[in-house]
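What follows is a short report on a single structure.
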Amino acid sequence: MNYLNARLKNLTAYQPGEQPSDGGYIKLNTNENPYTPSRYAVINMGVEDVENLRLYSDPECRKLCSAIAEFYGVEKRNVLTANGSDEVLAFCFAGFCDCGAVFPDVTYGFYRVFAGLFGVNYDIIGLAPDFTVRAEDYFNCGKTIFLANPNAQTGIYLPLAEIGKILKNNPNNVVVIDEAYIDFGGESAVSLIDKYKNLIVVQTFSKSRSLAGARVGFAVADEGLIRGLKQVKYSFNPYNVNSLSARIATFAVKDTQYFGECKAKIIKTRKRLINGLKELGFSCLPSTANFVLAEHVSISGEELYIKLKERGILVRHFNEERIKNFVRITVGTDADTNILLKTLEGILNEKV
Ligand code: PMP
């Protein structure tokens, strides 16, 4: 550790959720999609795609950018792809934060880590007592704003009209809207990129498109901001998306039918999950994401996490002040949900 740069010595790195190598768990801890990637995408992958790994991938990721642009009704020049949306977020911190950054107290933990890594000063703005984002708290803040929408850990969605107000009241700084979970019921801010030249929308293939392991994320923004992101990318890793991932993602975007079916199933199961949890006495934050943040008066978040793990179910517990009594539960299949609810019932019965 003596050789490590001073800034890193004091940095608490991001702690990913558990990825057990032995399987055997019902995995509801990292907001992955319980359904396989598009079959159309899978069967279009061939031996020659693997053989083509001898070549560098396309640094401009032209086919994938075109497919994304077509899907959102924007131009290819408005899209940048990256190695997961985490990399897009890293580029935003590296490229647009001389003025500092600002984000909520309860949100995606990586914002704080990237700020530390890139030496960006940041302010934290508290969510309202009901865990919602108050748009006016972000007006004219003079720093680059990072908002996950729906918000990470809470699942709460901020209506597009509120995002519009934040953009309007920050004409001189960049606003990054991280839409990792937008497809599970929210309305994307992509429609605002023409109007607001300071908006970067960040999305991922990890959640709604079942490709977390492929590591593909992207930004949609005005051409000027995309050029800025490219300046960072070409100063760091021009071939940031590998060719196999770019190819499967390109097919996946085109399979709009399967995309729609998966989203609908998850939204339906989310409703069942929330109802089931409420019947067991849990309070749940209103989620528009593929996870639910839930707490119970008679058992702590940490104990619940441990007891579920002992019984083969992984959920996520965050040891953070405002949410430490909660667990975050990813929406799985209906079968996963049945087992989860039965197991929770058993755990709660033991407590009385
Ligand atoms: N943003 C948010 C809010 C997330 O929860 C995640 C997933 N951990 C990411 C971005 C990053 O996702 P990925 O790098 O897999 O695209």
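The values are calculated or read from the model by the stated rules, or taken from the named source; none is laboratory data. Just so you know, these numbers come straight off a predicted model, no measurement behind them. Note that each Cβ is placed from the backbone with ideal geometry, even for glycine, and that neighbours are counted across all protein chains shown.
Take the conditions out of contact with any His (no Cβ under 9 Å at 6 or more places or on another chain), within 22 Å of V331 (Cα to Cα) and at pLDDT 95 or above and apply them to Y157. Does it pass? Here the answer is yes, as Y157 does meet what is asked.
Of all the listed residues (V106, V74), the sole one being within 17 Å of D123 (Cα to Cα) and among the aliphatic types (A, V, I, L, M) is V106.
Has region 327-335 got at least one residue that is modelled with pLDDT of 95 or more, in a loop (DSSP other than H, G, I, E, B) and out of contact with any Leu (no Cβ under 8 Å at 6 or more places or on another chain)? Within region 327-335 (the criterion being modelled with pLDDT of 95 or more, in a loop (DSSP other than H, G, I, E, B) and out of contact with any Leu (no Cβ under 8 Å at 6 or more places or on another chain)), the answer is yes, since at least one residue qualifies. Set side by side, the residues L4, L55 differ, and just one is without any contact (Cβ under 8 Å) to a residue 40 or more places away in the chain and either away from the ligand (no atom under 16 Å from the Cβ) or surrounded by fewer than 18 Cβ atoms within 10 Å (Cβ to Cβ) (or both), which is L4.
For region 107-147, taking the residues that are closer than 27 Å to A6 by Cα, crowded, with 19+ Cβ neighbours inside 10 Å and hydrophobic (A, V, I, L, M, F, W, C), the one that is nearest to the ligand (Cβ to nearest atom) is identified as F110.
For S191, the requirement of being surrounded by fewer than 23 Cβ atoms within 10 Å (Cβ to Cβ), hydroxyl-bearing (S, T, Y), within 15 Å of the ligand (Cβ to nearest atom) and under 22 Å from N149 (Cβ atoms) is not met. Within region 80-101, track down each residue that is in contact with a helix residue (DSSP H, G or I) (Cβ under 7 Å, 6 or more places away or on another chain) and either surrounded by fewer than 23 Cβ atoms within 10 Å (Cβ to Cβ) or among the basic types (K, R) (or both). Within region 80-101, D86, A90, A94, G95, F96 qualify.
Table: residues versus (1) within 30 Å of D336 (Cα to Cα); (2) touching a strand residue (DSSP E or B) at 6+ places or on another chain (Cβ under 6 Å).
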{"residue": "N10", "(1), (2)": "no, no"}
{"residue": "Q15", "(1), (2)": "yes, no"}
{"residue": "Q19", "(1), (2)": "yes, no"}
{"residue": "D22", "(1), (2)": "yes, no"}
{"residue": "N29", "(1), (2)": "yes, yes"}
{"residue": "Y40", "(1), (2)": "yes, no"}
{"residue": "K63", "(1), (2)": "no, no"}
{"residue": "E87", "(1), (2)": "no, no"}
{"residue": "F93", "(1), (2)": "no, no"}
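Among the residues of region 162-188, those that are touching a residue at least 60 places away in the same chain (Cβ under 8 Å) and either away from the ligand (no atom under 12 Å from the Cβ) or under 20 Å from F71 (Cβ atoms) (or both) comprise N173, V174, D178, A180, Y181, D183, F184, G185, G186, S188.
Taking the criterion of being among the hydroxyl-bearing types (S, T, Y) and in contact with a strand residue (DSSP E or B) (Cβ under 6 Å, 6 or more places away or on another chain), the residues of region 110-134 that qualify are Y111, Y122. The set of residues from region 72-89 being in a helix (DSSP H, G or I) and either β-branched (V, I, T) or away from the ligand (no atom under 11 Å from the Cβ) (or both) comprises Y72, K76, R77, N78, V88. Listed by position, the helices (runs of 4 or more DSSP H) enclosed by region 201-292 that each have at least 2 residues that are loosely packed, with under 15 Cβ neighbours inside 10 Å and in contact (Cβ under 8 Å) with a residue 24 or more places away in the chain are 223-233, 256-279. Go through region 161-180 and give me each residue that's over 15 Å from Y111 (Cβ atoms) and in contact with a Ser or Thr (Cβ under 8 Å, 6 or more places away or on another chain). The one that is over 15 Å from Y111 (Cβ atoms) and in contact with a Ser or Thr (Cβ under 8 Å, 6 or more places away or on another chain): N173.
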